[in-house]
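In what follows, a single structure is set out as structure tokens and then discussed.
Read-outs: derived from the displayed coordinates by stated rules, not from any lab. Only a predicted model underlies this, so the values are computations on that prediction, with no experimental measurement involved. With ideal geometry, Cβ positions are generated from the backbone for all residues, glycine too; neighbour counts draw on all protein chains shown.
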């Protein structure tokens, strides 16, 4: 990948995140606005995929990927990361509820969470790519990890929820950082009796960021099964995170109705883990098959959830 490509893409990423910040800078957007922006970010990812197909020889003149390979790898990785990011939204909604976060503060917290997730994933992507280039056997460790995660999801109790408000992380943070019990607008720090102390908003940001670390441990190994080209992995993560705040406000009233998300994620992670084991063998799964499988599972999960909800409302 040429240095100029990285520089231009970095500039585009900063501009797109600035746009995302600007359109949700004040308060929670309306459902209509959130839906339109979610659609915008989704379409933009496919436009970028088309640009990869057209300009890939200029962007990466030394790459072994053809324009078709690069565009398919990107869109497959994007859909995979987008699907996994929906799971993040379930947890974010739970955290907001347990900490009684004001509606007006949620866009800002989501922004901090997404910035932290992007920075963390960038580090993990480039470290992971370097390790895989040097030690191919690490791919099999990733594969085992994904399969174990998928199996755990298959048998996890959907009724059980974590209590983030009394987790060990929160207890540890409160031990070393003085916190107030009341929110103070969008402030992370406030003054009480002349002393500067943290607001509950800072505590929520800490919980969101550490939660992102746990999600990255699943998503980064998963996308390396699709492609080990660092630029494509990073680009897929960027476009998956763009608009995640808007998507949250679209789905926040419907998250509990997406009842087949967990088995869908379990199947996808198990499938990707098996695909990793087969990389470099005669039975290697083509990226096109991975793409069609992910699209098929997402579609079945959505259709199945809609049908189940309709039958329960009859």
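Here are the numbers for this structure:
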quantity: Residues 268, 148, sorted so that the one with the fewest Cβ neighbours within 10 Å comes first; calculated: 148, 268
quantity: Centroid-to-centroid separation of the stretch 164-210 and the stretch 233-252 [C-alpha atoms, Å]; calculated: 26
quantity: Protection proxy ranking of 102-111, 169-178 - average other beta-carbon atoms within 10 Å, highest first; calculated: 102-111, 169-178
quantity: Among 91-97, 47-53, 269-275, 189-195, the order from most to least packed when residues are scored by Cβ within 10 Å on average; calculated: 269-275, 91-97, 47-53, 189-195
quantity: Choice from 81, 134, 229 showing the highest fluctuation, given a GNM over the chain with Cα pairs closer than 10 Å; calculated: 134
quantity: Helix 31-59 axis, angle to the chain major axis (alpha carbon atoms, nearest 10°); calculated: 30
quantity: Candidates 82, 182, 68: whichever shows maximal mean-square fluctuation once the chain is modelled as a Gaussian network with Cα springs under 10 Å; calculated: 182
quantity: Residue 32/residue 217 FRET efficiency (R0 25 Å; Cβ-Cβ; nearest 0.05); calculated: 0.10
quantity: Likely footprinting exposure, 39, 146, fewest C-beta neighbours within 10 Å first; calculated: 39, 146
quantity: Relative contact order (%) - criterion: Cα under 8 Å, at least six apart; region: the stretch 74-214; calculated: 32
quantity: Residue-averaged 222 nm ellipticity for the chain, from DSSP H runs of 4+ at -39500 (n - 2.57), nearest 500; calculated: -25000 deg cm²/dmol
quantity: Relative contact order of the stretch 3-313, pairs being alpha-carbon contacts under 8 Å that are 6 or more residues apart, as %; calculated: 32
quantity: Label-point separation in nm, residue 169 to residue 4, each point 7 Å along Cα→Cβ; calculated: 4.2
quantity: Euclidean distance between Cα centres, the stretch 279-311 to the stretch 1-66, Å; calculated: 24
quantity: Highest-first arrangement of 55-66, 288-299, where packing means the average Cβ count within 10 Å; calculated: 288-299, 55-66
quantity: Residues residue 54 and residue 133, FRET efficiency given R0 of 25 Å [Cβ-Cβ distance, rounded to 0.05]; calculated: 0.35
